[in-house]
1. Quick check, is residue 51 closer than 15 Å to residue 12 by Cα, hydrophobic (A, V, I, L, M, F, W, C) and surrounded by 15 or more Cβ atoms within 10 Å (Cβ to Cβ)?
2. Anything in the stretch 22-31 that is surrounded by fewer than 14 Cβ atoms within 10 Å (Cβ to Cβ) and either acidic (Asp, Glu) or within 15 Å of residue 78 (Cα to Cα) (or both)? List them, or say none.
3. Taking the conditions exactly as written (surrounded by 14 or more Cβ atoms within 10 Å (Cβ to Cβ) and either of a type in the set (A, V, I, L, M) or out of contact with any Pro (no Cβ under 8 Å at 6 or more places or on another chain) (or both)), does residue 7 satisfy them or not?
4. Determine whether residue 34 is among the β-branched types (Val, Ile, Thr) and surrounded by 11 or more Cβ atoms within 10 Å (Cβ to Cβ).
5. Can you find, within the stretch 59-85, the residue that is surrounded by the fewest Cβ atoms within 10 Å (Cβ to Cβ) among those that are over 20 Å from residue 21 (Cβ atoms) and either in contact with a Pro (Cβ under 6 Å, 6 or more places away or on another chain) or of a type in the set (D, E, K, R) (or both)?
6. Return yes or no: is residue 56 exposed (fewer than 15 other Cβ atoms within 10 Å of the Cβ) and modelled with pLDDT of 90 or more?
7. Could you figure out which of (1) in a loop (DSSP other than H, G, I, E, B); (2) in contact with a Ser or Thr (Cβ under 7 Å, 6 or more places away or on another chain) isn't true of residue 29?
8. Kindly indicate whether residue 44 is acidic (Asp, Glu) and either under 15 Å from residue 1 (Cα atoms) or surrounded by 12 or more Cβ atoms within 10 Å (Cβ to Cβ) (or both).
Amino acid sequence: MLKEKTLDFIKKQIIDLNDFTYTIEEDEQYIHAIFTEALGKKIEKEFTFKLLNDTLYMHSIDFGWKPVQKGAANKYFWIDLLKED
């Protein structure tokens, strides 16, 4: 269920956009999405996802754990993905 929700979230975010490359890694409690390209630009960004009470949460270093499927909370995904290190 976690993997499906994570992939669904990512696919909805980049559905009409090109030039995204990422891999998914799983461990017992989390899904890690590792992006190596975003909008044609080479990057190194990792996002960790978990389920809590059937809600998908994403962790970023800047924002901590955020429920990314509620309201406009997907903005944390985009801010962190496009932020230059």
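1. Working: closer than 15 Å to residue 12 by Cα: no; hydrophobic (A, V, I, L, M, F, W, C): yes; surrounded by 15 or more Cβ atoms within 10 Å (Cβ to Cβ): yes.
For residue 51, the condition - closer than 15 Å to residue 12 by Cα, hydrophobic (A, V, I, L, M, F, W, C) and surrounded by 15 or more Cβ atoms within 10 Å (Cβ to Cβ) - is not met.
2. The first filter runs over the stretch 22-31 and keeps only residues surrounded by fewer than 14 Cβ atoms within 10 Å (Cβ to Cβ), leaving 23-29.
Scanning the stretch 22-31 gives 25, 26, 27, 28.
3. Working: surrounded by 14 or more Cβ atoms within 10 Å (Cβ to Cβ): yes; either of a type in the set (A, V, I, L, M) or out of contact with any Pro (no Cβ under 8 Å at 6 or more places or on another chain) (or both): yes.
Judged against the criteria, residue 7 is a match.
4. Details: among the β-branched types (Val, Ile, Thr): yes; surrounded by 11 or more Cβ atoms within 10 Å (Cβ to Cβ): yes.
Taking the combined requirement at face value, the residue satisfies it.
5. By that ranking, first place goes to 62.
6. On the way: exposed (fewer than 15 other Cβ atoms within 10 Å of the Cβ): no; modelled with pLDDT of 90 or more: yes.
Taking the combined requirement at face value, the residue does not satisfy it.
7. Here residue 29 meets the rest and fails (2).
8. On the way: acidic (Asp, Glu): yes; either under 15 Å from residue 1 (Cα atoms) or surrounded by 12 or more Cβ atoms within 10 Å (Cβ to Cβ) (or both): no.
In short, no.
The values are calculated or read from the model by the stated rules, or taken from the named source; none is laboratory data. Here the structure is a predicted model, which is why all the values come from computation and not from measurement. No Cβ is skipped: glycine too gets one built from the backbone with ideal geometry, and neighbour counts run over all protein chains shown.
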